[in-house]
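The values are calculated or read from the model by the stated rules, or taken from the named source; none is laboratory data. Model, not experiment: these values are computed from the prediction. Reconstructed Cβ throughout: ideal geometry from the backbone, glycine too, with neighbour counts over all protein chains shown.
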Amino acid sequence: MSGTIDANLNEMPADIYAGGDGNPESPENENDTAAVSGETISGDEALKFAESLEREATENARERLSEQEAIAEALVFASGEPVKIDSIAIAINSDKKEAYKVMDGLVDRYRRRAGGIILRKIDKSYLFCTRPELTENLRPFFERSTGSGLTRAAMETLAVICYNQPVTRAGIEYVRGINSDGVLIRLIEKGLVEEAGRSDAPGRPILYVTTPKFLQALGVESIKDLPKVEKVIIREPKADQPDAPAGENKAEDTKTGDGATSEDNGGSAE
Amino acid sequence: MADTVKFDKGDIKMVAHRGLSGIETENTALAFVAAGNRSYFGIETDVHVTSDGKLVIIHDDSTGRVANESLSVEGSTLEELKALKLRDREDGAERNDIRLPELDDYIKICKRYGKVCVLEIKNLFERDRLKDVIGIIIERDYLKNVIFISFHLQNLLILREETPKDTRLQFLCGEISDETIKILADNRIDIDIHYPTLLSHQEYMPKFREKGLKVNCWTCDDPSDALKLKALGVDFITSNILE
């Protein structure tokens, strides 16, 4: 019968499970399917069970990644460094708004998963990191790379920039009370600080800000996530003192550590 | 010339997945007729409800994979969906002569070619929509030649209540618990299992057999895997291209 257009429907099987090509020779016993053993579950009870399966399937479906999420996840994983939202938007063929939506969903998935890896948003970029709570477990295996490599002077300077950015060199020195040329250069070299235009103050001094790498090192998404401290009011230099020399200003209401180091004057930060 | 891939199927009943979708655009009259003209036991397809309550044949929830325009199936009327020209399977070119079929078109083709309908109820259907499906099939006097399949056990349990007791039902699944197997058996619902899952969980087969469940598996296009399934003793294989 198969393969002919004018198949006679009377040839169709009494039991469609019999035979192999739609033209069975003999029907099977209708009781062959689903032999029942023990207490039978049917009707409302079976429907309740089906509903529980449905809920489970819905949960599982929520866990599956969309194609866009999968692409974005692969891109960030393969990059090994913060990936800007612009690149992610291009990769998933969408605009930045949609890309943020996809990435925020992924961040949430990794958070809820509570595994060893998290997806972290750093400024306008995303990066895979290990979960901070596991640092002590990992430390023995990565001893060399876990240290900050920063001197007390560098940490102090970073803190000043972090909480006052954008800030001029003179502003930094005003708070620290000491020349900070050397330490500033080292922080720029390490990629923790960068220039961000010029101030309108006399002499148009360069402004400094922290970088996404700094946020990454601290494990925060933005400067707003850092602990709050009392604001230090920085007085900009007077007109006849453009980008004032350091060492003459004194910090007010600011804990500056225990004084200058060789790095403050241009020495090594290592 | 495009053709199916033959293998020594023995007593296994072969089901053409979405029609003969290895050769023609899936779930179209072309694919159903191509399967109808071959030795397949059954022709599998997928049915959705449109926004105006009609029944249309398509696999996905939207039309983007088979047509140039992407419409939500449940969010569009049957007329809007049928206006779409589908793409050719080979070159992707839009074709005037292939459109989304209605459920009745599919039943009519299966009946004309004497093939069993293997009809997947795609999403969770309301009881009244399932009654609509049954009504269309009864109108063609073809209910005895239909196997209903679904990933949603609720659909199958409602179909069990709304159809004669000898109506054939199969539950689409991957991994499956003993509890689910028992409930399927209690409600005379057979198995349609993801075939790699069955190959990696061969312990399922004796459980299915103990409960008297028939076993269909989806979707195997590899002849060597098909022979493994044959050795396991499955009753049906659903395939895009194997015959």
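Examine the stretch B:220-243 for a residue that is among the β-branched types (Val, Ile, Thr), under 18 Å from B:Phe151 (Cβ atoms) and within 11 Å of another protein chain (Cβ to nearest Cβ), and state whether such a residue exists.
The answer is no; no qualifying residue exists.
Sort out which residues of the stretch B:169-188 are without any contact (Cβ under 8 Å) to a residue 40 or more places away in the chain and either closer than 23 Å to B:Ile43 by Cβ or touching a Ser or Thr at 6+ places or on another chain (Cβ under 9 Å) (or both), and write them in order of number.
B:Leu169, B:Phe171, B:Cys173, B:Gly174, B:Glu175, B:Ile176, B:Lys182, B:Ile183, B:Ala185, B:Asp186, B:Asn187, B:Arg188
Pick out the one residue from A:Lys48, A:Lys96 that is more than 8 Å from chain B (Cβ to nearest Cβ), at pLDDT 65 or above and over 30 Å from B:Ala185 (Cα atoms).
Only one candidate qualifies: A:Lys96.
Please list, ordered by residue number, the helices (runs of 4 or more DSSP H) wholly in the stretch A:155-227 having 1 or more residues that are closer than 30 Å to A:Asp108 by Cβ.
In the stretch A:155-227, the matching helices (runs of 4 or more DSSP H) lie at A:212-218.
Being more than 8 Å from every other protein chain (Cβ to nearest Cβ), farther than 22 Å from B:Tyr40 by Cα, within 20 Å of the chain's Cα centre (by Cα) and at pLDDT 95 or above is the requirement here; does B:Asp192 meet it?
In short, no.
Condition (residue is within 11 Å of chain A (Cβ to nearest Cβ), farther than 17 Å from A:Ile16 by Cα and of a type outside the set (Phe, Trp, Tyr)) applied to the stretch B:130-145: is it met by at least one residue?
Looking through the stretch B:130-145, none of the residues is within 11 Å of chain A (Cβ to nearest Cβ), farther than 17 Å from A:Ile16 by Cα and of a type outside the set (Phe, Trp, Tyr).
Of the conditions (1) surrounded by fewer than 21 Cβ atoms within 10 Å (Cβ to Cβ); (2) closer than 21 Å to A:Leu47 by Cβ; (3) facing chain A (nearest Cβ under 10 Å), B:Asp178 satisfies every one except a single condition; which number is it?
(3)
Hey, does the stretch B:61-69 have a residue that's at pLDDT 95 or above, within 21 Å of B:Phe151 (Cα to Cα) and away from chain A (no Cβ under 14 Å)?
The answer is no, given that none of the residues of the stretch B:61-69 is at pLDDT 95 or above, within 21 Å of B:Phe151 (Cα to Cα) and away from chain A (no Cβ under 14 Å).
Quick check: anything in the stretch A:121-132 of a type in the set (Val, Ile, Thr) and in contact (Cβ under 8 Å) with a residue 12 or more places away in the chain?
Looking for residues that are of a type in the set (Val, Ile, Thr) and in contact (Cβ under 8 Å) with a residue 12 or more places away in the chain, one finds at least one in the stretch A:121-132, hence yes.
So, in the stretch B:143-173, of the ones that are in a helix (DSSP H, G or I) and touching a strand residue (DSSP E or B) at 6+ places or on another chain (Cβ under 7 Å), which residue ends up farthest from B:Ala185 (Cα to Cα)?
Looking at residues that are in a helix (DSSP H, G or I) and touching a strand residue (DSSP E or B) at 6+ places or on another chain (Cβ under 7 Å), I get B:Asn145.
Can you go through A:Val76, A:Val102 and tell me which one is free of Cβ contacts under 8 Å to residues at least 60 places away in the same chain, touching a strand residue (DSSP E or B) at 6+ places or on another chain (Cβ under 8 Å) and not hydroxyl-bearing (Ser, Thr, Tyr)?
A:Val76
Residues of the stretch B:28-60 being assigned to a loop (DSSP other than H, G, I, E, B), away from every other protein chain (no Cβ under 12 Å) and among the small types (Gly, Ala, Ser), which ones?
Hits for the stretch B:28-60 are B:Ser51, B:Gly53.
Give me the residue from the stretch B:147-189 that is at pLDDT 95 or above and among the aromatic types (Phe, Trp, Tyr) and, out of that set, nearest to B:Leu213 (Cα to Cα).
B:Phe171
Can you list residue pairs whose Cβ atoms sit under 9 Å apart, with the first residue in the stretch B:7-26 being within 12 Å of chain A (Cβ to nearest Cβ) and crowded, with 23+ Cβ neighbours inside 10 Å and the second being of a type in the set (D, E, K, R) and not in a loop (DSSP other than H, G, I, E, B)? Count only pairs 6 or more apart in sequence or on different chains.
B:Val15/B:Glu44; B:Ala16/B:Glu44
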